[in-house]
Ligand code: SF4
């Protein structure tokens with residue numbers, strides 16, 4: 001069966017093996033961030049409705065979710081998932097029918113001021129909202145919200161959610177040079193994040209062409225400096241590495257071991273960890289590079305998600 005709203009499961013750097021769920025048509029969002037990988041939005045979407053009927057997504061989930069299950073079902077894709085008013089129904093379906101499957105939500109968090117939205121997503125295991133700006137001018141310039149959306153309400157909504165939510169809250173902060181990396185802004189952002197007290201804060205920067213020209217990434221050193229100024233417990237850098245040279249601990253012999261193992265036979269991530277002796281977190285780092293270079297691809301098979309070496313794309 002070809003799936004319209006599901007993708008993967010794929011190994012994800014942040015969540016292990018994850019089945020992606022697209023909740024809205026491409027680039028349906030209440031923000032229009034300058035760094036968005038989906039390209040520039042022609043128009044903001046602020047209305048909350050069933051852009052894609054929840055029952056259609058549930059039917060696809062019923063068809064794909066057979067043992068062995070992926071680790072996560074993740075609401076993500078090219079737009080803001082909480083804009084789909086059917087999200088609560090889908091989360092309840094997943095938690096009732098597949099209790100061992102973890103549910104994650106990538107969101108810009110803008111609608112969390114709305115109690116109905118918070119109630120819809122409260123059963124998730126992990127919610128990963130973004131917070132890039134705490135100054136209104138930075139918010140306008142970087143995230144370019146739809147008219148009438150208030151930064152204050154957004155930041156307060158996120159705090160309200162963090163009080164009500166018993167799962168894990170991982171905040172992503174996306175830094176773009178000259179937009180939100182000024183010292184005063186980083187200090188104020190750090191203060192907000194300390195008050196919010198999420199389980200994790202993950203710093204990211206650009207690794208693919210941005211929707212708007214003139215948007216530049218921070219270097220690894222600049223990210224480290226920003227991390228110090230933010231001064232938040234549990235903060236880490238998760239920017240995607242663009243090449244082997246940018247990964248401090250990248251070892252060619254480990255890459256070779258992974259490639260050789262997969263060349264001999266396709267493996268699940270767990271098999272690969274057992275054969276190579278590498279931890280899943282570390283494997284994902286190498287798989288990111290190998291997948292980006294199309295040397296490895298993942299495919300769902302009867303016994304789970306298999307990583308397959310692509311012989312036609314040698315280095
Ligand atoms: S919130 Fe996400 S999908 Fe929406 S514009 Fe920003 S980066 Fe793109």
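Give region 77-123 a look and list any residue that's under 24 Å from residue 38 (Cβ atoms), out of contact with any helix residue (DSSP H, G or I) (no Cβ under 6 Å at 6 or more places or on another chain) and more than 16 Å from the ligand (Cβ to nearest atom), or say none.
85, 91, 114
Looking at region 66-73, is at least one residue in the same structural domain as residue 125 (by TED's automatic domain parsing), away from the ligand (no atom under 13 Å from the Cβ), over 14 Å from the mean Cα position of the chain (by Cα) and more than 25 Å from residue 10 (Cα to Cα)?
no
If you check residue 307 against the conditions, is it crowded, with 16+ Cβ neighbours inside 10 Å, within 30 Å of residue 219 (Cα to Cα) and either in the same structural domain as residue 19 (by TED's automatic domain parsing) or modelled with pLDDT of 80 or more (or both)?
no
Counting just the residues of region 226-236 that are surrounded by 15 or more Cβ atoms within 10 Å (Cβ to Cβ) and outside any loop (DSSP other than H, G, I, E, B), which one comes out modelled with the lowest pLDDT?
Filtering region 226-236 for residues that are surrounded by 15 or more Cβ atoms within 10 Å (Cβ to Cβ) and outside any loop (DSSP other than H, G, I, E, B), the one modelled with the lowest pLDDT comes out as 235.
Which one of the conditions (1) within 22 Å of residue 142 (Cα to Cα); (2) over 18 Å from the mean Cα position of the chain (by Cα); (3) modelled with pLDDT of 75 or more does residue 253 fail to meet, given that it meets all the rest?
Single failed check for residue 253: (1).
In a helix (DSSP H, G or I), away from the ligand (no atom under 16 Å from the Cβ) and closer than 16 Å to residue 117 by Cα: is that true of residue 191 in this structure?
no
If we keep just the residues of region 271-286 that are crowded, with 18+ Cβ neighbours inside 10 Å and touching a strand residue (DSSP E or B) at 6+ places or on another chain (Cβ under 7 Å), which is nearest to residue 18 (Cα to Cα)?
Looking at residues that are crowded, with 18+ Cβ neighbours inside 10 Å and touching a strand residue (DSSP E or B) at 6+ places or on another chain (Cβ under 7 Å), I get 284.
Suppose the filter is without any contact (Cβ under 8 Å) to a residue 40 or more places away in the chain, more than 16 Å from the ligand (Cβ to nearest atom), on the phi < 0 side of the Ramachandran plot and crowded, with 23+ Cβ neighbours inside 10 Å; does residue 137 pass it?
no
Given the conditions (1) within 16 Å of the ligand (Cβ to nearest atom); (2) surrounded by 19 or more Cβ atoms within 10 Å (Cβ to Cβ), and given that residue 25 satisfies all but one, which numbered condition is not satisfied?
The failed condition is (2).
Within region 169-178, track down each residue that is farther than 13 Å from residue 106 by Cβ and away from the ligand (no atom under 13 Å from the Cβ).
Quick first cut of region 169-178, residues farther than 13 Å from residue 106 by Cβ only: 173, 175-178.
175, 177, 178, listed by residue number.
Can residue 240 be described as in contact with a helix residue (DSSP H, G or I) (Cβ under 8 Å, 6 or more places away or on another chain), at pLDDT below 80 and surrounded by fewer than 17 Cβ atoms within 10 Å (Cβ to Cβ)?
When the stated conditions are applied, residue 240 passes them.
Just to be sure before I move on: is residue 43 free of Cβ contacts under 8 Å to residues at least 60 places away in the same chain, within 13 Å of the ligand (Cβ to nearest atom) and over 24 Å from residue 125 (Cβ atoms) in the structure I sent?
yes
The values are calculated or read from the model by the stated rules, or taken from the named source; none is laboratory data. Note that this is a predicted model, so its numbers are computed, not measured. FYI the Cβ positions are ideal-geometry reconstructions off the backbone, even for glycines, and counts take in every protein chain you see.
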